[in-house]
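Take a look at the structure set out below.
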Amino acid sequence: MTGTPPAPPRRAVLLGALAALTLPSSAGASPASAHPTLNALAARAATQPLTRIAFGSCADQTQPQPIWESVLADPPELFLFGGDNVYGDSPGPDLTELRAAYAQANAVEGLARLRAAVPVMAVWDDHDMGRNDGGASYPHRRAAQRLFAEHWALPPDDPRWAREGVYTARVFGPPGRRVQVVMLDTRSFRSPLRKTDSRGAPGRERYLPDDDPAKTMLGPAQWAWLEEQFRQPAELRLLLSSIQILAEGHGWERWGNLPRERQRLLDLIGRTNGVVLLSGDRHFGALYRETDGHPYPLTELTSSGINRVTSAKRGEAGPNRLGDRWIGANVGRITIDWAAESVALAVADVQGVERRTTRLSLSDLRAG
């Protein structure tokens with residue numbers, strides 16, 4: 001399928017106009033019509049900076065999602081959906097499975113309550129683009145992008161209606177206490193990966209590193225966009241990639257599959273103050289850190305498994321992982337203490353208990 005995604009439908013334009021004027025009054029309203037606008041959050045954050053952000057990924061719409069109870073018990077000011085927000089792999093151009101997945105997701109009570117109470121930002125991964133481990137070769141991704149835009153009730157002026165790719169960014173907060181959220185699209189432009197020569201073997205499960213300089217993770221337009229975003233002033237930057245960036249020791253999808261692209265990203269981060277990494281995809285929660293060769297310590301919080309959790313019995317090598325993985329339903333938490341100039345990262349379980357934690361000083365996140 002070629003050409004640019006079509007303009008937002010009349011219904012989306014009307015919903016966007018209404019959302020700009022009103023906030024929801026009922027948690028039982030449909031997610032599209034009841035979602036609080038990010039504009040409202042941005043207006044509040046102009047004088048009251050963000051302090052509590054949550055994120056998650058891998059939500060199977062066919063199974064219970066009890067974790068929303070603990071999230072809503074102490075609601076964050078912003079929730080980030082990091083991909084695999086539904087499972088709708090669709091081989092045909094009509095995207096029947098993906099359409100059904102979104103319809104089922106809209107019927108999940110806890111998710112509807114979250115979207116009625118908390119502003120959200122979203123990006124996709126493979127299963128909500130439409131193909132397991134899919135990339136730029138998936139022929140129906142632009143039609144899937146239209147469904148993505150409709151499901152997340154993007155306002156009519158959102159560029160994701162008109163251009164390829166669901167990447168997005170936003171800055172919240174007053175000068176001196178600004179949080180920039182940057183969400184990457186690691187699917188729409190990604191080149192084919194090099195398949196393993198030993199399927200299932202530890203560290204070589206599905207893919208091997210490919211040093212081909214012609215291959216890309218983000219594509220030229222998104223790379224240029226990301227560099228421009230990192231020139232925006234902010235004290236803390238949350239860079240969300242649907243797949244892991246720092247993690248080593250496994251052969252599943254990760255930035256390490258394309259090491260030249262990974263190094264390009266790390267070099268860009270190294271020139272940019274205040275970057276903390278977020279990721280999903282893996283069906284567990286974990287923390288990672290790299291210090292060698294970087295201007296400041298790079299830390300990644302992986303939160304994956306809103307209700308999809310790995311069943312793998314064996315452990316996984318993690319040379320730069322902080323402790324063990326948390327195997328269980330989870331969401332990630334980012335808590336900012338502006339007075340102390342620190343940020344806490346945590347993996348929280350279905351009861352809201354923090355199972356993996358670390359704390360960073362904003363003063364240490366300096367490129368030079």
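Computed from the coordinates by the stated procedures, all read-outs in this text should not be read as laboratory data. Source: prediction; values computed, not measured. Cβ sites come from the backbone with ideal geometry, for glycine too, and all protein chains shown count toward neighbours.
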* To do: Would you mind computing Rg(Cα) / (2.2 N^0.38 Å) for region 252-321, counting N as its residues?
  => 1.21
* **Along each principal axis, Cα extent of region 215-284, largest first, Å** => 35, 27, 17
* From the backbone phi of region 249-263, what are the Karplus-calculated ³J(HN,Hα) couplings (6.51 cos²θ - 1.76 cosθ + 1.60, θ = phi - 60°) in whole Hz, Gly and Pro given as x? -> x, 9, x, 8, 5, 5, 4, x, 5, 10, x, 5, 5, 4, 5
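For the chain, give the magnitude of the charge dipole about the Cα centre (Cβ charges: +1 Lys/Arg, -1 Asp/Glu; no others), in debye to the nearest 20.
Values: 43 positive and 41 negative charges, 47 e Å.
About 220 debye.
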* At 4 °C and 1.567 mPa s, what whole-number value in µm²/s does Stokes-Einstein give for the translational diffusion of the chain, with Rh from the Kirkwood sum over Cα pairs? -> 63
* Structure fact -> Diffing region 141-146: the Karplus 3J(HN,Hα) column from phi (6.51, -1.76, 1.60, θ = phi - 60°), in whole Hz with x for Gly and Pro, holds 5, 6, 5, 5, 5, 4
* To do: Two decimals is fine: what is log10 I(q)/I(0) at q = 0.15, 0.19 Å⁻¹ for region 166-268, from a Debye sum with one equal scatterer on every Cα and no solvent?
  => -0.66, -0.93
* Set of region 222-266 residues, backbone N closer than 15 Å to the point 7 Å along the Cα-Cβ line of Arg163 -> 222-232
* Asked: Rounded to the nearest whole Å³, what is the per residue volume of the convex hull around the Cα atoms of region 165-224?
  -> 142
* In what sequence, highest mean first, do 285-293, 237-245 appear when ranked by Cβ atoms within 10 angstrom? -> 237-245, 285-293
* Structure fact -> Kirkwood-based Rg/Rh on the Cα set of region 261-368 evaluates to 0.99
